[in-house]
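No value in this document is a laboratory result; all are computed from the given coordinates. Everything quoted here is computed from the prediction, not taken from an experiment.
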């Protein structure tokens, strides 16, 4: 296919492919991060479109004729990008929730820092675990699984062919429910050790009331929490490796659930 012959069917096919790639890529994690400048995102979309268009493209008859149908198609592409991004956002949300639990147990919730990527205030452990998890995500080629899910959408969902089915809703609810389960598994080593430290300080306060347990407890909990925080990194690596290994199949199931009912 040659775009520069200005064949109407070829141009419409190119635009359909560009809509799918651009709207989905802007909403995917890592690719659509707020820290990436918009010109770089636009250049990435153009490069991906030119690379995938000869191999993955839509026929021109999928392009709607009425402006209202075009707006509906674009809205469906936005929802598709949200669906593909949610399954990965749930993983990072679980890690950030676990970081909040750890910060609360260690006494770090009293001081927050501003995340330069989102502009929101977060605890130190939350931001630290998020940056480490993003590095692990890239090291195990998680971004390539996102592109694989994008290519699968060409086969399963045509432009304007997205359906919000009960199966799709049930899968999204299931993945969202795993946020708190995974967050507690990540934070469980620090929670257990800090609980034992608090229990020991309680016994110390009963046996030696003249000792300032509150002043003594903060540095002890911070030192013990930082010591066992190294175990959390190993848990994050294990959970992310297992999660990313199943990411391709999970994205395929989501796309199949959102495709045209048979």
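Taking only the alpha-carbon positions of region 144-262 and ignoring solvent, what does the Debye formula give for the base-10 log of I(q)/I(0) at q = 0.12, 0.19, 0.21 Å⁻¹? Log-scaled intensity ratios, in q order: -0.64, -1.02, -1.13. Annotation: extensible slack from residue 46 through residue 198 equals 49.1 nm (criterion: 0.36 nm per residue apart, minus Cα-Cα distance).
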